[in-house]
Amino acid sequence: MRIFGREPALVIGAIGSLITVLAALNLPGLSAGAAAALTALVTASITAWTTRPVAPSLYVGVVAAVATLLAEYGFHVSDQSVAAIGGAIVAGFALFGVRPQVTPKADPATRVR
């Protein structure tokens, strides 16, 4: 998958560089920690969006990056909440994303010897 006709890695690098420059210019509300958290969120989001086949763990990474960014701005998200949301994402993908697209190698009703 391409974004604006370019590889996702190039887009991620450009966005990360721009965020770093803005933090270096002391943009109000964008500290070095916030820039790092925002870059992690952008990287995780673009990677999850462009990776095929879909990998549930990438979306769990997006949730962790969002929690880190929120913590950087003073909002507390407990580890239990992040884990619960991540677990719900994995379960949702297993039920609705992965399971309908796969078939067992052997028929479960057939006895294997």
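The values are calculated or read from the model by the stated rules, or taken from the named source; none is laboratory data. Everything quoted here is computed from the prediction, not taken from an experiment. So basically every Cβ, Gly included, is an ideal-geometry build from the backbone, and we count neighbours across all protein chains shown.
A few remarks follow.
- The number of residues in segment 1-32 that are free of Cβ contacts under 8 Å to residues at least 12 places away in the same chain and assigned to a helix (DSSP H, G or I) comes to 9.
- Scanning segment 51-67 for residues that are more than 21 Å from Phe4 (Cα to Cα) and either modelled with pLDDT under 90 or under 8 Å from the mean Cα position of the chain (by Cα) (or both) yields Ala55, Pro56, Ser57, Leu58, Tyr59, Val60, Gly61, Val62, Val63, Ala64, Ala65.
- Among the residues of segment 43-57, those identified as surrounded by 17 or more Cβ atoms within 10 Å (Cβ to Cβ), free of Cβ contacts under 8 Å to residues at least 40 places away in the same chain and either hydrophobic (A, V, I, L, M, F, W, C) or in contact with a strand residue (DSSP E or B) (Cβ under 6 Å, 6 or more places away or on another chain) (or both) are Ala44, Ala48.
- Test: residue in segment 100-112 that is outside any loop (DSSP other than H, G, I, E, B) and modelled with pLDDT under 90: yes
- Checking each residue in segment 36-58 for being of a type in the set (A, V, I, L, M) and under 18 Å from Leu10 (Cα atoms) picks out Ala36, Leu38, Ala40, Leu41, Val42, Ala44, Ile46, Ala48.
- Single unsatisfied condition, Phe75 versus (1) surrounded by 16 or more Cβ atoms within 10 Å (Cβ to Cβ); (2) at pLDDT 90 or above; (3) not in a helix (DSSP H, G or I): (1)
- Residue tally, condition surrounded by 11 or more Cβ atoms within 10 Å (Cβ to Cβ), among the aliphatic types (A, V, I, L, M) and more than 16 Å from the chain's Cα centre (by Cα), over segment 1-19: 5
- Segment 1-22, residues that are of a type in the set (A, V, I, L, M) and farther than 17 Å from Thr68 by Cα: Met1, Ile3, Ala9, Leu10, Val11, Ile12, Ala14, Ile15, Leu18, Val21, Leu22
- Only one entry in Ala34, Ala23, Ala44, Ala48 is under 23 Å from Met1 (Cα atoms), touching a Leu at 6+ places or on another chain (Cβ under 8 Å) and at pLDDT 90 or above, namely Ala44.
- Residues that are out of contact with any Phe, Trp or Tyr (no Cβ under 9 Å at 6 or more places or on another chain) and under 15 Å from Gly97 (Cα atoms), drawn from segment 59-78: Val60
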